[in-house]
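The next block holds one structure in the form of structure tokens; read it before the comments.
Since every read-out is calculated from the coordinates, none of them should be taken as a lab result. A quick note: this is a predicted structure, and the numbers were derived from the prediction, not measured. All Cβ positions, even for glycine, are placed from backbone atoms using ideal geometry, and neighbour counts span all protein chains on display.
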Amino acid sequence: MISRRADSAAQRQRIERAIELYLRDCYRLRTVARVSELAQNLGISRPYLSRMVPAVLGTSLREALRRRQLDHAASLLAQTRLPIHEIALRAAFGHQGTFFRVFRKAFGESPDTYRSKVTNCE
């Protein structure tokens, strides 16, 4: 029983670290984050990775990537004066329209409104 928990914890750490490293490369290169590309980088099939991640993380791989991208974007909005289109690129969303849509869905407001709120509170 303990061994199974330890294996699960180790597997979770490996997946989270792989996602983190992959996104770090996407941020650095300003490329769009893609599930298929992450799977290719890990040397496993996309279907396998897409089945394995929810079992380990409790969320889909796409959602795990998006949550981390949104956290990074929110940090950039709060800590920089970069234009929104630049934040979309730096957070691996690619297009400003995609970034706006995903951000609004997650936070209930536009990136501009979010920035205004977090920078006026400080």
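Neighbouring Cβ atoms within 10 Å as the yardstick, rank 104, 28, 66 fewest first.
28, 104, 66
Which option, [x] 56; [y] 59; [z] 63, is the value of percent of Cα pairs over 17 Å apart that was calculated from these coordinates?
[y]
Modelling each spin label as a point 7 Å along the Cα-to-Cβ direction, I'd like the residue 8/residue 85 distance in nm, to one decimal.
So the two model labels end up 4.7 nm from each other.
Please order 117, 105 by the number of other Cβ within 10 Å, starting at the fewest.
Lowest to highest Cβ neighbour count: 105, 117.
With unit charges on the beta carbons (Lys and Arg positive, Asp and Glu negative) and the dipole taken about the Cα centre of the chain, which residue among 118, 23, 72 sits farthest to the positive side?
Toward the positive end, the furthest listed residue is 23.
What's the magnitude of the charge dipole for region 74-122 around its Cα centre, counting Lys and Arg as +1 and Asp and Glu as -1 at the beta-carbon? Answer in Debye, nearest 20.
120 debye
Sorting 67, 81 on the 10 Å Cβ count, fewest up front, what's the list?
Exposure proxy ranking, most exposed first: 81, 67.
Report the extension gain between residue 29 and residue 62 in nm, rounded to one decimal, defined as 0.36 nm multiplied by the number of residues separating them, less their alpha carbon distance.
9.9 nm
Report the residues of region 63-91 in range of a label on residue 44: point 7 Å along Cα→C-beta, backbone N strictly under 17 Å from it.
The answer is 63-65, whose backbone nitrogens lie closer than 17 Å to the label point.
Taking 0.36 nm per residue of sequence separation and subtracting the Cα-Cα distance, how much length would be gained by fully extending the chain between residue 18 and residue 55, in nm to one decimal?
Between residue 18 and residue 55, full extension yields an extra 11.7 nm.
Among residues other than residue 82 whose Cβ falls under 11 Å from its Cβ, what is the net charge (Lys/Arg +1, Asp/Glu -1)?
So the environment of residue 82 carries a net charge of +2.
If you add up the charges near residue 54, with Lys and Arg at +1 and Asp and Glu at -1, over every other residue whose beta carbon is less than 15 angstrom from its beta carbon, what do you get?
+4
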